[in-house]
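Read through the structure below, which is laid out as structure tokens, and then see the notes.
Derivation of every value follows stated rules applied to the coordinates shown; laboratory data play no part. Remember, predicted model here, so these are calculated numbers, not experimental data. Reconstructed Cβ throughout: ideal geometry from the backbone, glycine too, with neighbour counts over all protein chains shown.
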């Protein structure tokens with residue numbers, strides 16, 4: 001009996017160590033991939049302001065105006081999509097065809113209680 005308990009505890013320890021080892025390995029791989037892929041994104045963000053620094057002030061106003069218009073267009077598209085989704089979803093108070101058929105069967109037969 002004690003031998004079976006020892007074997008069970010050894011298997012438990014082995015299984016838990018393999019599980020947590022695999023979790024730590026995956027965590028390390030994700031951290032490594034995040035580190036490797038985030039370096040390229042950081043370089044792009046530092047390069048963008050230097051392009052605008054060389055632009056003359058009237059051109060900067062034109063760039064700002066284009067950005068404002070692009071933001072307004074993006075908001076308009078997002079609101080239109082949201083409106084389309086809301087209009088296509090049926091209200092929750094409506095009766096589904098399955099419910100309607102079930103109720104017709106129930107109420108169509110006199111003397112039968114639900």
Checklist entry - So how much slack lies between residue 75 and residue 35, counting 0.36 nm per residue of separation and subtracting their Cα-Cα distance, in nm? => result 11.1 nm
Checklist outcome for this item: Here, residue 26 and residue 94, labelled 7 Å along Cα→Cβ, have an inter-label distance in nm of 4.1 nm
Checklist entry - Gain in length, residue 61 to residue 8, computed as 0.36 nm per residue apart minus the alpha-carbon separation, to one decimal in nm? => result 11.8 nm
